[in-house]
Amino acid sequence: MSNSYYEFFCPVKVIAGKAALEHIPYELGGLAAKRPMIVTDKGVRAAGLLDPVIAACEESGLEIVSIYDDVPPDSSTTVVRDIAAIYRKEKCDSIIAIGGGSAIDTGKAVNILVSEGGDDVAKYTGAGVLKRPLKPFLVVPTTAGTGSEVTSIAVITDEKKGVKLPFTSSYLLPNAAVIDPRMTLTLPPHITAATAMDAMTHAVESFTCMAKNPLSDAYAAAAIKKVSHSLLQVMDNPKDSDGRLELAQASTMAGIAFSNSMVGLVHSLGHATGAICHLPHGLCMSLYLPYVLEYNLETIRGPLGELLLYLEGPEIYAATPASRRAEASISALRKLRDALYKRCQLPRTLKETGKVTEEQLDAIAEMALDDGSIMFNPKEVTLKDARAVLQRAWA
Amino acid sequence: MLAKRIQPMASQAKRLYVELMFQVMGRALQAVSEVDGEVQKEAQALPEGFLFEMMVMPEGAKLIVEHIGGGRFHYHGDSAPRAVDVSIQFKHLTHAFLVLSFQEKTSIAFAHDRMLVDGDVSYAVRMTRVLNRLESFILPKIIAKRAVKEYPENLHLPEKLISAAQIYLKVATHFIQTARA
């Protein structure tokens, strides 16, 4: 008997497609929630993305009791405490988080406080601290990349201590994720590209790293196919709502995949680069992906070769000898990055970002080695190895 | 009938094996931090007084070591002087046995959700590197390859033998001292 073993968990109801937002009142009703609070950021509000949500609720006689629209890009324990205070004052009974990773993580953290009580969310940091279900919680993503709507983790900065606090519990998962193409139609090209490549990286690492399993593989492969097929179409025609929906679904599917199989060195390097050089996460993912795949190549040749089918389609897959498919997959990803560079100058090397110096590479490598995701990289990584990958990604 | 009788004995044997391995590993962690520069370098990044625990859930065997400064560990046995900073917890005795009998690599055990980390993950990653280094030293290469993700290429036989001898000597001495005390 083989030693293979895996766990897979995703209890989030996914509500996706045309007029998905209009399902929010019904979903909240099913959870006995009547006084929802919206947690979002100023960018979402300015882009007019709250309007269809509010209209959808009002048409069903559901009043949005409170709207907090000041979530910062890097949310903090203070923001969480303030939002929880408003929630209690307004006697809300549920949360709708609308936005990208920060708004969604903030919604998760607020839900901890309003469900468990108290003002100090830091008390609940760590894994498995929460022991019971929280208040009704819906998520409406406005970017197609993070997959936060289906992950059981939130990261919030503790301003006093200057550290990022991770919260991990299946109770953080929303009751439903509402994927509506209207919410991503106005995403600017460079954010569309970077977030889609974030989803692509989630899926590729999920498919090639150590905790891969048959169920996460299915989600990852489907996500890769959707991004490969739709990303450039959307870049060329940003108002393509079918393409937008494909990317949004790919992001959710990649989120389901990686939250059940974890990610590897691309994320370790990306987290470190984000922390040291303040580069957006999606950009880092796109940048490092081919270099890390080259580093891991001999340990992931099989699964990486399989991905050629989803990256390039059946004709190219069939025409490529099995022994060359892994390299061809990396080439396909490089080709996609080149196309994105041509369309929106999404950097392909650290030098092209203009925000990283060569002197910072040692610090990035050192920090990457302590990142939790490195445990799941299929190949062992030493400081020298990480430094070599960074050097290749430099220019 | 026979199987029913053997099962508790097998379970007891596993329990004893895991307890013994934790005792050896705890002492060996202290020893390797006294003889290996690489381990000392890794440990130096940990705060002084940092307490690390490995245990079997819910109340099974455990080992606790403390970083006492300068990259050195001190083995505390199975009781911590205060709340531990990072705990790596096997979900079941069988999972601990799989890892400690080298049937499953530590990295695979993490990937298989056999164990979870309570505390700062970055410190847990660092301690895992230390454990891998220790296993590469004290286990024959053929067994070490089953325990670690990748056997270090630069660890050659003379260095391995000398370090392993030093570690085993220190572990044995520590066992004798404990028995005498």
Matching residues, the range B:135-162, being touching a helix residue (DSSP H, G or I) at 6+ places or on another chain (Cβ under 6 Å), free of Cβ contacts under 8 Å to residues at least 24 places away in the same chain and either outside any helix (DSSP H, G or I) or open to solvent by 100 Å² or more (accessible area, probe 1.4 Å) (or both): B:Tyr151, B:Pro152, B:Leu155
Pairs where the first residue, in the range A:59-79, is on the phi > 0 side of the Ramachandran plot and at pLDDT below 95 and the second is of a type in the set (A, V, I, L, M, F, W, C) and open to solvent by less than 40 Å² (accessible area, probe 1.4 Å), C-beta under 8 Å, 6+ apart: none
Test set (1) of a type outside the set (Ser, Thr, Tyr); (2) surrounded by 20 or more Cβ atoms within 10 Å (Cβ to Cβ); (3) away from every other protein chain (no Cβ under 13 Å) - B:Gly77 fails condition number: (2)
Inter-residue pairs, beta-carbon under 7 Å, first acidic (Asp, Glu) and in the range A:143-157, second surrounded by 24 or more Cβ atoms within 10 Å (Cβ to Cβ), 6+ apart: A:Glu149/A:Ile104; A:Glu149/A:Val139; A:Glu149/A:Pro141; A:Glu149/A:Pro174; A:Glu149/A:Ala177; A:Glu149/A:Thr252; A:Glu149/A:Gly255
Residue that is nearest to B:Tyr123 (Cα to Cα), among those in the range B:34-50 that are free of Cβ contacts under 8 Å to residues at least 60 places away in the same chain and either surrounded by 21 or more Cβ atoms within 10 Å (Cβ to Cβ) or out of contact with any strand residue (DSSP E or B) (no Cβ under 8 Å at 6 or more places or on another chain) (or both): B:Gln44
Flag if B:Arg114 is under 19 Å from B:Glu19 (Cα atoms), among the basic types (Lys, Arg) and facing chain A (nearest Cβ under 9 Å): yes
Candidate set from the range B:30-56 (those that are among the β-branched types (Val, Ile, Thr) and in a helix (DSSP H, G or I)); member that is nearest to B:Glu135 (Cα to Cα): B:Val32
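What do you reckon, is A:Asp70 within 29 Å of A:Leu165 (Cβ to Cβ) and either open to solvent by 30 Å² or more (accessible area, probe 1.4 Å) or part of a strand (DSSP E or B) (or both)?
It is true that A:Asp70 is within 29 Å of A:Leu165 (Cβ to Cβ) and either open to solvent by 30 Å² or more (accessible area, probe 1.4 Å) or part of a strand (DSSP E or B) (or both).
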Exclusive hit being away from chain B (no Cβ under 14 Å), of a type in the set (S, T, N, Q) and in a helix (DSSP H, G or I), set A:Ser373, A:Ser329: A:Ser329
All positions within the range A:73-108 that are surrounded by fewer than 18 Cβ atoms within 10 Å (Cβ to Cβ) and of a type in the set (Asp, Glu): A:Asp74, A:Asp82, A:Glu90
Residue that is assigned to a loop (DSSP other than H, G, I, E, B), open to solvent by 30 Å² or more (accessible area, probe 1.4 Å) and either under 18 Å from B:Asp120 (Cβ atoms) or more than 14 Å from chain A (Cβ to nearest Cβ) (or both), where the choices are B:Val24, B:Val84: B:Val84
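The values are calculated or read from the model by the stated rules, or taken from the named source; none is laboratory data. Note that the coordinates shown come from a computational prediction; the quantities given were computed from them, not determined experimentally. Cβ sites come from the backbone with ideal geometry, for glycine too, and all protein chains shown count toward neighbours. Just so you know, the surface numbers come from the protein's heavy atoms only, side chains and all, with ligands and any DNA or RNA stripped out. Shrake-Rupley method; radii C 1.70, N 1.55, O 1.52, S 1.80 Å.
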